[in-house]
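Written out below as structure tokens is the structure these notes cover.
The values are calculated or read from the model by the stated rules, or taken from the named source; none is laboratory data. Since the model is a prediction, treat every value here as computed from it, not as a measurement. Quick reminder, even Gly has a Cβ in these numbers, built from the backbone with ideal geometry, and neighbours come from all protein chains shown. What goes into the accessible areas is simple: the full protein's heavy atoms, side chains included, and nothing from ligands, DNA or RNA. Shrake-Rupley method; radii C 1.70, N 1.55, O 1.52, S 1.80 Å.
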Amino acid sequence: MLFSGPLLRPPGLFLETPGYAAPRDAAREVRHLAKGFSMRFEVVGVLLSVALVSACGKDEPPANTGQPPPQQCAPGQFFNGQTCQGQAALAPSTATSTAPAPTATGTAQAPFPLATATTGPSAVPADGAMTQTATQLLIPLGQSHAPSGAKAVGSPLVGQFQQGQTLEAQVMMNPGKCYTIVGIGMPPIQNVDLQVLPTIGIPGLPAPVLATDQTTGPNAVIGDKPNCFKWAFPMAAVVKVVLTVSSGQGVAAAQVFEK
């Protein structure tokens, strides 16, 4: 069916058709509707922006790890994995053990058993007449105890002794040589002792005894034949011969023989 009249339009909406002009009131209404739609879009945009900002500002919920939440302790305490403890439990212990201080000793100890010398105060060396008398006694004593062919070395050691006093002399001993030392005490001396000591000792240690007599009485012998005292070191050295009156008092003498 054909209509020759104007097309029907919704109220307030005008379409441009050839030969038709919308009235002025209708144009004003169109502009009003467009402005309304614009304001609605602006409001919707604002609401969407606020919603996005609110969504970004929210904290994410904690992840569910299947483990119980950490223990909350009172201020000043910490959780050690089992219970809450105070901060004093972290403080290190100030108690210290004190080892006893080592006691100082006047003489160092030798690392192995070693015979050491025990010398007393010095005796008074004898004069020439007394030395001559002692020599006359020492020569035959040495010949009876020293190996055949041994000869006296140096001067005899002679002195006036009180009990416990000592007298010493230095003698050079050579490698490969054999030595015999004899001592004699005149009455009323009851016992004399002989020792051979090094002249250079170890600081802090008593002098080791290189040889000593094994006799008891007014006569003493080191290196009695056939077992004379042999100097076993590969080089010559000076040693000390020490004569001690351990019992009695009077004149005592000693002599070294070498072969």
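Structure above, values below:
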{"item": "Accessible solvent surface per residue of segment 117-158, calculated while the other protein chains remain in place, 1.4 angstrom probe, Å²", "result": "59 Å²"}
{"item": "Ordering of 180-186, 222-228 by burial proxy (mean other Cβ atoms within 10 Å per residue, highest first)", "result": "180-186, 222-228"}
{"item": "Label-point separation in nm, Thr135 to Phe233, each point 7 Å along Cα→Cβ", "result": "2.9 nm"}
{"item": "Cα gyration tensor shape of segment 139-259, rounded if a/c is under 1.5, else prolate or oblate by comparing a/b with b/c", "result": "oblate"}
